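What follows is a short report on a single structure.
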Amino acid sequence: MSGRPIRITRARITPVAFADPPLLNTVGVHQPYALRAIVQLDTDAGLTGLGETYADTKHLERLTAAADAIVGQDVFAVNAIRAAIADRLHGDDAAVGTAGMITSASAVDQVLSPFEVACLDVQGHATGRPVSDLLGGAVRDAVPFSAYLFYKWAAHPGGEPDGWGEALYPDQLVAQAQRMIAEYGFTAIKQKGGVRPPEEEMAAIEALRVAFPDHPLRLDPNAAWTPETSVKVATGLAGVLEYLEDPTPGLDGMADVARQSPMPLATNMCVVAFDQLAPAVAKQSVGVVLSDHHYWGGLQRSRLLAGICDTFGLGLSMHSNSHLGISLAAMVQLAAATPNLTYACDTHWPWKTEDVVEPGVLRFVDGAVPVPTTPGLGVRIDEDSLAALHEQYLRCGIRDRDDTGYMRSIDPTFRVGSPRW
Ligand code: GKR
Ligand code: MG
């Protein structure tokens, strides 16, 4: 291989919208469409790399500015690309809530992420190696994911039922889990909470334990509980949960709960950026960090996070928002090359019915996605699907994720509180 740089000639950013069921969480309900931005990075070598990220208005504006700033950079010079993005965003880098409930992640790292993934995709194509090889090499040939259960309505108001049916009570959640596990083979279960009163959510977990005696179980109320409520739930579910995710807001509240909790606490809310790691370790707020390359600055910086977690004895899992195939491919390549990522990763995958990648490459076998071994991420864009989902974005009118606003358009009395119970 020659040492010639591979220079970025253009970064195309296409916002897309894909159908999303009415999944409930503590801040409201998913809108009928979820938004993503697809990045296609063209280079002077004729190779194009793919990336995927959020598509909220402010984030799109920053992506567009960054796309302009990185033209001419070498895809192997990710440090220089990050510096160019930081420089361009300087003065406009306040954290915004692009990921629903995640509000304090680094803007520079969020913007860098899809470009870094696309650079690695190009590097992989140029060298003939899968991205996992560029991250240190795969240590597993398939990446396990968990069944991600949600309380949900049967349909969006005025819309057609989505096929999954209503899930507001324990038996309905068990039915949801049974179907998801039958279809995908998941070997771990995550229950999204913060929706029903805590005792009902505990009953749902107990029902899942009876139905699935051997599946590790997790509960994530997205900081909906006071420390006192959190401790009650944690002690009530001793020996049942593998970890309790973000029961209460803030590093201090989490530390308070952690001291009294029989199981580890996990987070994708109070540790979402590098500067939050030192205080979290000092306060012993969490036992497990859920990584997410979309806000930790891409795959290489997520490996850096993994190293820090390893050093300080923190467990590592992986967070998910509603996403498409480019993101799943990136998550799989990263997880394959991260030895200490020992928990089954989160994914919203079963909830979506549309995509922008050619089908067939990403599939679930016994709850795990076999790691693509072809060059780059291993997925290819389907230009017709990309165009159709872009049209859908233009038509649907949604420009920002707003679970609370959508919920209030249906139930004007809906109140958000963290903590709520
Ligand atoms: O999609 O409603 C959702 C989730 O609640 C998501 O917004 C969270 O970011 O899944 C996430 C979590 O683990 O907190
Ligand atoms: Mg979470």
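The values are calculated or read from the model by the stated rules, or taken from the named source; none is laboratory data. The structure displayed is predicted, hence computed values, not measured ones. Please note: Cβ atoms are built from the backbone with ideal geometry, for glycine as well, and neighbour counts cover all protein chains shown. Surface areas here come from the heavy atoms of the whole protein model, side chains and all, with no ligands, DNA or RNA. Shrake-Rupley method; radii C 1.70, N 1.55, O 1.52, S 1.80 Å.
Brief remarks on what is shown
- For ARG301, the conditions (1) touching a strand residue (DSSP E or B) at 6+ places or on another chain (Cβ under 6 Å); (2) closer than 22 Å to ARG82 by Cβ all hold with the exception of (1).
- For HIS348: the one exception among (1) under 23 Å from TYR33 (Cα atoms); (2) over 17 Å from the mean Cα position of the chain (by Cα): (2)
- Inter-residue pairs, beta-carbon under 7 Å, first modelled with pLDDT of 95 or more and in region 394-421, second open to solvent by 60 Å² or more (accessible area, probe 1.4 Å) and hydroxyl-bearing (Ser, Thr, Tyr), 6+ apart: CYS396/TYR33; ILE398/TYR33; ARG399/THR57; ASP400/THR57
Residues are listed down the side, and each one gets a yes or a no for (1) over 30 Å from THR48 (Cβ atoms); (2) crowded, with 20+ Cβ neighbours inside 10 Å; (3) charged (D, E, K, R):
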| position | (1), (2), (3) |
| --- | --- |
| VAL78 | no, yes, no |
| HIS90 | no, no, no |
| THR103 | yes, no, no |
| TYR151 | yes, yes, no |
| PRO157 | yes, no, no |
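- Matching option when the condition is in contact with a Cys (Cβ under 9 Å, 6 or more places away or on another chain), in a helix (DSSP H, G or I) and away from ligand 2 (no atom under 16 Å from the Cβ), among ILE85, ILE81: ILE81
- Within region 17-66, tally of residues that are in contact with a Leu (Cβ under 8 Å, 6 or more places away or on another chain), open to solvent by 10 Å² or more (accessible area, probe 1.4 Å), in a strand (DSSP E or B) and within 23 Å of ARG408 (Cα to Cα): 0
- Scanning region 255-270 for residues that are away from ligand 1 (no atom under 14 Å from the Cβ) and either under 18 Å from VAL416 (Cα atoms) or within 21 Å of the chain's Cα centre (by Cα) (or both) yields one hit, PRO264.
- When region 136-147 is limited to residues that are open to solvent by 10 Å² or more (accessible area, probe 1.4 Å) and either out of contact with any Pro (no Cβ under 8 Å at 6 or more places or on another chain) or not aliphatic (A, V, I, L, M) (or both), the one that is farthest from ligand 1 (Cβ to nearest atom) turns out to be GLY137.
- Taking region 227-310 as the region of interest, the helices (runs of 4 or more DSSP H) fully inside it that hold 3 or more residues being open to solvent by less than 10 Å² (accessible area, probe 1.4 Å) and free of Cβ contacts under 8 Å to residues at least 60 places away in the same chain are 227-236, 251-260.
- Taking the criterion of being within 16 Å of ligand 1 (Cβ to nearest atom), on the phi < 0 side of the Ramachandran plot and under 20 Å from the mean Cα position of the chain (by Cα), the residues of region 176-198 that qualify are MET180, PHE186, ALA188, ILE189, LYS190, GLN191, LYS192, GLY193, VAL195.
- The one condition from (1) more than 20 Å from the chain's Cα centre (by Cα); (2) open to solvent by 20 Å² or more (accessible area, probe 1.4 Å) that GLN123 does not meet is (2).
- So ALA84, is it more than 19 Å from LEU389 (Cα to Cα) and small (Gly, Ala, Ser): yes
- Residue count for region 203-225 under the criterion of being more than 16 Å from ligand 1 (Cβ to nearest atom), open to solvent by 40 Å² or more (accessible area, probe 1.4 Å) and either of a type in the set (D, E, K, R) or within 25 Å of the chain's Cα centre (by Cα) (or both): the result is 3.
- Every pair of residues 6+ apart whose Cβ atoms lie under 6 Å, when the first sits in region 369-383 and is more than 14 Å from ILE326 (Cβ to Cβ) while the second is assigned to a strand (DSSP E or B) and modelled with pLDDT of 95 or more: PRO370/ALA142; THR373/PRO130
- Helices (runs of 4 or more DSSP H) fully within region 325-421 that include at least 2 residues being surrounded by fewer than 16 Cβ atoms within 10 Å (Cβ to Cβ): 383-396, 403-410.
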